[in-house]
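The values are calculated or read from the model by the stated rules, or taken from the named source; none is laboratory data. The structure displayed is predicted, hence computed values, not measured ones. Please note: Cβ atoms are built from the backbone with ideal geometry, for glycine as well, and neighbour counts cover all protein chains shown.
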Amino acid sequence: MSDEWQFLVTLNERLRPLRDPIQIQDVTVRLIGEHLRASRVNYAQIEGNEFVIRRSYARGVQPSAGRGPVARLGQHIADACRRGETVVVSDVHRDPRFADAERARLLATEIAAFVEVPLIKEGQWLAMFGIHSAMPRIWTRDQIELVEVTAERIWVADVRARGGSAGPNRRSAGVPAETERHDPAARRSCAHSRGDMPPARHAPSRQPRRLRRDRGRVLHDRRRLRGRAPVAGRPLSMD
């Protein structure tokens, strides 16, 4: 069993008893940060040309807070996010996409490598999910896709926290439009990956239904990691 597959199993086990969307976000950010040994994990909403940090995990560095211009990541990176592309940077020191001032600004905040996943709905950039490393590192394909899967999970929790609807249409549930358009497997398994099946009327049937829901969600995520279905934000913007 791969590390990424094991993480998905663990994540579903930890999230299963939770009902508070804010708690779901907090646990998700912390768990993926620990799993990837990231120095920082941020979940931010986009408001115009600014990001607003909603959740942040940090290990050995200062956590992020407040708001700032999306161009802080670099203009090329911000433009790629607006196009719905997942951005992968292995070494800020050497990446040619950054101007000198942008490079210095990232390094001053202890960001030497990162993965940023934009969350797009109906063509609009609404949020982003980022994994940072204080040291240069090579991100594997499985790690990148795991970040994308986790980004969708935390986005759905965010929509619920703000009173959004998680109905049959995954786009109306807050799942990025890119995912709905490019991922047939996601459409087929939307009832499981949403995680919002109605509770059973009788206690004896609740546990089997929950197990079926979790199994469907993990199997869908596993197909994503194995490359059987396209993932959100393609094409990847790799360095």
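Here are the numbers for the structure shown:
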{"read-out": "Residue in region 114-121 that is among the acidic types (Asp, Glu) and surrounded by 21 or more Cβ atoms within 10 Å (Cβ to Cβ) present", "value": "yes"}
{"read-out": "From 118, 136, residue being assigned to a strand (DSSP E or B) and modelled with pLDDT of 95 or more", "value": "118"}
{"read-out": "Residue 75 vs. criteria over 25 Å from residue 158 (Cα atoms), at pLDDT below 95 and of a type in the set (S, T, N, Q)", "value": "yes"}
{"read-out": "Yes/no for residue 91 being of a type outside the set (Phe, Trp, Tyr) and modelled with pLDDT of 95 or more", "value": "yes"}
{"read-out": "Tabulated pairs, region 50-64, first among the charged types (D, E, K, R), second in a strand (DSSP E or B), C-beta under 7 angstrom, 6+ apart or interchain", "value": "50/67; 50/68; 50/69; 54/43; 54/44; 54/45; 55/43"}
{"read-out": "Segments classed as strands (runs of 3 or more DSSP E), wholly inside region 1-94, with at least 2 members that are of a type in the set (A, V, I, L, M, F, W, C) and either closer than 21 Å to residue 113 by Cβ or in contact with a His (Cβ under 6 Å, 6 or more places away or on another chain) (or both)", "value": "40-47, 50-58, 87-89"}
{"read-out": "Tally, over region 73-96, of residues that are farther than 11 Å from residue 130 by Cβ, out of contact with any Leu (no Cβ under 8 Å at 6 or more places or on another chain) and not polar (S, T, N, Q)", "value": "11"}
{"read-out": "Filter pass, residue 97 being charged (D, E, K, R) and in contact (Cβ under 8 Å) with a residue 12 or more places away in the chain", "value": "yes"}
{"read-out": "Hits in region 39-54 - residues which are buried (at least 21 other Cβ atoms within 10 Å of the Cβ) and under 14 Å from the mean Cα position of the chain (by Cα)", "value": "40, 41, 42, 43, 44"}
